[in-house]
Amino acid sequence: MTLAVVLVEPAGPLNVGSVARLCANFAIDQLRLVAPRCDHLGEEARRMAVHGGWLLERATLFADLASAVADCRRVVATSGRIEQEDLPVSGPQEGLRWLLAGQDADGGSTDSPTAAALVFGREDRGLSNDELLQAGRVLRIATGPAYASLNLSHAVAICLHELEQQRQAPAPAMPPRPELTGEPSARGNLEAALADAEALLLDVGFLYAHTAHARMAKVRALLQRAQVSDADVALVRGMVRQLRWAATRETP
């Protein structure tokens, strides 16, 4: 399984450089930047990256989070605030254990998309709820109540340290949990199915333009909790396409 650290709209080159160094420290070889608001190849970023500068040079840029995680089956997003009760929230240990479980599930196979992503939000306002809904798990780091907001690079350091602890821990002597028996669908496939469903539901009048976004967010949250597989997504998309054909078919 390939693991990527994803930074959404990072604004501080010192933070980006520090994260590159942390990725090098903890053997993460993919850094993905979503619409960065700073020069990730500039002097400040390189100075903080030290021997992790190669990660800055290899960093992949994306226009939005959806495209950055489209090939990922397991996505964990970090947040200091949760405004939507539909989102399952876990601590670092539980969330990162789930993220790494994909490696056990596919046995390291490279025959299908098995990338996983650990996503961090903007320094000033984190991730939006729409972005959080693209994750299978939302991770919250416990802090004191007086000042809950962590510096971006500090949050990355805590998560990658816990990730390394999980990697080195011996496998637990217990039956596999139901969630480990199959892999979730790649994010890009799920989003394509949701887009097809939204278009159909708008056409038939189940959704209205001014409420479609909110109602589809609930559907997305439901599917995220269920951790639907490729077969599940194919079934849903097939039903949607058949319904569209039936809705447009001329009948007596």
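The values are calculated or read from the model by the stated rules, or taken from the named source; none is laboratory data. Not measured: the values here are computed from a predicted model. Reconstructed Cβ throughout: ideal geometry from the backbone, glycine too, with neighbour counts over all protein chains shown.
Residues that are within 30 Å of A24 (Cα to Cα), at pLDDT 90 or above and not small (G, A, S), at least 3 per element: which helices (runs of 4 or more DSSP H) completely within the range 141-252 meet that?
Those helices (runs of 4 or more DSSP H) span 152-168.
Quick one: how many residues across the range 1-47 are buried (at least 21 other Cβ atoms within 10 Å of the Cβ), in contact (Cβ under 8 Å) with a residue 60 or more places away in the chain and of a type in the set (A, V, I, L, M, F, W, C)?
Residues meeting the conditions: 11.
Spot the failing condition for A105; the list is (1) out of contact with any Ser or Thr (no Cβ under 9 Å at 6 or more places or on another chain); (2) in a helix (DSSP H, G or I); (3) modelled with pLDDT under 70, and only one is missed.
Evaluating A105 over (1) out of contact with any Ser or Thr (no Cβ under 9 Å at 6 or more places or on another chain); (2) in a helix (DSSP H, G or I); (3) modelled with pLDDT under 70 leaves (1) as the failure.
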